[in-house]
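The structure under discussion appears below in the form of structure tokens.
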Amino acid sequence: MPSLKDLRNRISSVKATQKITKAMQMVAAAKLRRAQEAAEAARPYAERMEKVLKNLAHAFEGRDDAPKLMGGTGSDSVHLLLVCTAERGLCGGFNSSIAKLAREHASALLAAGKTVKILCVGKKGADALKRDMGSYIIETVEFRGVKSVEYAHADGVATKVLELYEEGAFDVCTLFYSRFKSVISQIPTAAKIIPADLGGDDENEETGMPDLAGAIYEYEPSEEGILEDLLPRNIAVQIFRALLENAASEQGARMSAMDNATRNAGDMIDKLTLSYNRQRQAQITKELIEIISGAEAL
């Protein structure tokens with residue numbers, strides 16, 4: 001059984017930890033608002049760009065001269081997994097959930113006989129995947145000293161990805177990140193960005209036809225010229241959106257994790273204090289009994 005001094009030291013230690021977790025919770029709450037606003041502001045731009053690309057894609061349906069970023073290489077044997085996570089921990093299951101989704105996707109591809117390459121953006125994702133997927137990691141990009149993610153950071157990652165694609169290093173690229181929904185809910189997401197996963201247009205519920213609001217678009221200089229600039233930029237936009245979603249999700253997860261840690265520290269302090277008081281009372285009672293017994297012996 002621990003002594004009273006050990007219990008006092010333990011209570012002091014837990015109280016110090018509780019102060020730290022409470023401070024981290026308040027810092028995460030302050031950062032969350034700005035990160036959430038940035039993530040929500042980026043969504044309409046990314047969605048609108050996707051709609052424009054979908055509209056342009058109709059001009060290249062069934063054509064052999066479709067841009068490589070849209071039509072692909074004609075093969076899907078080599079897959080690049082772009083795994084975006086945080087640089088720091090203490091944010092619950094945020095990093096592990098993204099790594100788990102990427103690991104499951106990689107395992108499924110390997111079981112199907114595909115070649116897998118992993119490009120990690122964020123230290124924690126690389127650490128989580130290094131144990132069983134270390135041989136597939138080709139590079140790790142870290143933003144440890146970056147206070148807030150900007151478009152230039154996403155553009156640098158996109159440039160690396162496009163250079164690898166031009167070299168023929170992979171055929172398909174899938175982006176992994178966590179989409180922010182609320183403070184207590186972050187959704188691990190996988191999105192194919194190369195070749196562009198344009199699919200069909202959103203259909204009108206009444207007609208079942210693509211809903212283009214009845215508009216006929218004319219592009220200048222031409223569809224080819226616009227796509228030549230827009231497709232590479234779309235890669236950077238999608239990565240930037242993923243990084244912003246990750247930033248908001250990370251702060252939300254950290255806020256929840258630190259709140260739980262603070263509550264658990266409070267419960268532990270209560271239990272230790274109760275144990276300390278009981279042991280102290282037992283020690284006082286024992287000393288009183290010894291004094292009374294000695295007095296009666298005289």
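Listing for the model above:
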item: Selection from segment 262-298 of residues that are more than 16 Å from Arg10 (Cα to Cα) and in contact (Cβ under 8 Å) with a residue 24 or more places away in the chain; result: Gln283
item: Selection count, segment 87-106, where residues are over 10 Å from the mean Cα position of the chain (by Cα) and part of a helix (DSSP H, G or I); result: 7
item: Matching option when the condition is crowded, with 16+ Cβ neighbours inside 10 Å, in contact (Cβ under 8 Å) with a residue 40 or more places away in the chain, aliphatic (A, V, I, L, M) and farther than 18 Å from Ala196 by Cβ, among Ala99, Ala86; result: Ala86
item: Test: residue in segment 13-30 that is part of a helix (DSSP H, G or I) and over 31 Å from the mean Cα position of the chain (by Cα); result: yes
item: Residue within segment 26-44 that is without any contact (Cβ under 8 Å) to a residue 12 or more places away in the chain and among the β-branched types (Val, Ile, Thr) present; result: yes
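The numbers here are math on the coordinates, done by the rules we state, and not lab data. Predicted model only: the values in this text are computed from it and were never measured. Backbone-built Cβ (ideal geometry, glycine too); neighbour counts: all protein chains shown.
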